[in-house]
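What follows is calculated from the coordinates using simple rules that are stated; it is not laboratory data. As the structure is a computational prediction, the values presented were derived from the model and not from experiment. Cβ coordinates were reconstructed from backbone atoms using ideal geometry, including for glycine residues, and neighbour counts include every protein chain displayed.
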Amino acid sequence: MARKTTCGCALNVLIIGIVVFLALIVVSFIGGNIGATIFGGEPLGFLNVGVPEYHPAAEHPFHGLPITNTMLAAWITILVLFGLFFAGTRKMKLVPTGLQSFLEIVVEAAANFIEDPAGKKHGRWFFPVCTTIFLFVVANAWLSLVPGFETITVNGEPLLRNANTDLNVPAALAVVSFCFVEYWGFKAKGNSYLKTFFNFGPLGQAIKQIFTGRIKTGLSGLVNGVIAIFAGILEILSHFIRMVSFTFRLFGNMTAGMILVMIMLFLIPWVLPSVFYGLEAFFGFVQAMIFGGLTLGFACAAVMSEE
Amino acid sequence: MDTQIWSDLAKFIAIGFCAGFGALGPGIGIGLIGWGAMNALGRNPEARGPIMTNMILAIAFAEAVAIYALVVAILLIFVA
């Protein structure tokens with residue numbers, strides 16, 4: 001006889017589960033730091049999470065060695081990605097199974113995502129950099145949700161920490177993205193790519209027109225020429241501001257996520273932080289997609305011809 | 001002692017204003033994005049996939065501005 005089920009389990013089991021979770025939340029709420037503040041006294045021993053501390057700079061877990069914990073996390077991310085792709089592409093089969101199938105899905109989705117706006121030829125150029133950035137950021141964000149990150153300590157400092165909560169890593173990624181965008185611009189357009197930034201053409205034409213006698217068209221062209229030069233200056237500025245914005249978007253999102261989880265752990269130690277863990281996993285993916293996608297978008301804008 | 005209280009007061013007011021006003025603009029922006037996406041969805045329900053993807057992308061952009069304000073607020077709390 002089929003029993004009535006909700007969310008994959010019997011109704012009474014579901015109700016018991018919800019009640020247990022609510023009880024855990026209430027217990028940790030009252031027994032934790034909030035309850036201690038309201039009712040006075042100390043929080044219960046097993047619910048006493050230390051006050052969250054945030055250090056903007058990455059810590060050095062090994063004294064004397066210039067290795068920070070974010071560097072270690074970045075290396076581990078690279079190793080994990082390398083190992084994953086190495087293991088997945090060892091014995092390649094025509095009909096993929098298991099890990100190879102999963103990796104092919106990822107790579108193919110990225111390739112389609114990139115070739116859609118960029119086209120076949122330019123998509124080939126953009127694919128390695130954009131996909132690498134995406135994979136690095138998303139692997140880094142998801143690895144930092146593994147228990148042990150920020151909790152295992154060496155010499156009193158956490159051994160591992162999400163690499164993108166260190167301002168240097170997003171800045172490095174932003175510089176890489178900037179350099180590649182400019183490189184692709186020159187590769188696609190040659191030296192005429194410089195015209196995007198230093199556009200003296202319309203002004204020169206207007207001056208020529210004035211001297212050859214067509215003063216009226218020349219004067220109206222003069223205004224356009226000056227505007228074109230200013231547009232070039234704005235373009236230069238926007239290319240540099242883009243780097244800052246790239247950096248702080250990723251850094252801010254990752255740091256805010258880390259602090260959010262820390263504060264939720266401090267306030268309500270049980271059940272509720274898991275929700276924020278899920279949120280963090282989602283945001284890690286979205287931010288990685290945005291970093292890769294924006295690099296792609298700017299690259300498309302750089303290689304697109306004006307005509 | 002007195003100056004300590006005043007500087008703490010200034011700090012907390014600054015943090016509150018920073019986070020509050022910083023969240024105001026992006027909130028409006030995300031609302032507008034959702035409005036636009038719902039309109040598009042109502043007119044063209046088959047295009048659900050692309051609309052959702054682009055909506056999430058645009059929301060992330062708007063949200064990034066709030067995150068900038070949040071970064072400033074966090075720095076004020078922990079560093080200032």
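Pairs of Lys residues in chain A, spaced 8 or more positions apart or belonging to different chains, with C-alpha separations under 28 angstrom: 13 in total. For chain B, the relative contact order comes to 50 percent (Cα pairs under 8 Å, sequence separation of at least 6).
Counting only whole DSSP H helices of chain A, the ones at least 24 Å long by C-alpha along their axis and with mean Kyte-Doolittle hydropathy no lower than 1.0 are A:11-31, A:69-88, A:215-267, A:272-303. Normalised by the number of residues in chain A, the average gap of Cα pairs under 8 Å and 6 or more apart makes the relative contact order 25 percent.
What do you get for the angle between helix B:2-43 and the principal long axis of chain B? Use alpha-carbon atoms, 0 to 90 degrees, nearest ten. Compared with the principal axis, the helix lies near 0 degrees.
Applying both filters, DSSP loop and at most 13 other Cβ atoms within 10 Å, to the chymotrypsin sites (Phe, Trp or Tyr not before Pro) of segment A:152-243 gives A:Phe198, A:Phe200.
For the options A:Ile18, A:Ile67, A:Ile268, a Gaussian network treatment of chain A with springs between C-alpha atoms closer than 10 Å singles out A:Ile18 as fluctuating the most. If R0 equals 22 Å, the separation of the Cβ atoms of A:Glu104 and A:Ala281 corresponds to a calculated FRET efficiency of about 0.45.
In chain A, the sites counted are trypsin sites (Lys or Arg not before Pro) in DSSP loop states with at most 16 other Cβ atoms within 10 Å, and the longest stretch holding none of them, exclusive of the sites, is A:94-213. Applying both filters, DSSP loop and at most 12 other Cβ atoms within 10 Å, to the GluC sites (Glu not before Pro) of segment A:1-104 gives A:Glu53.
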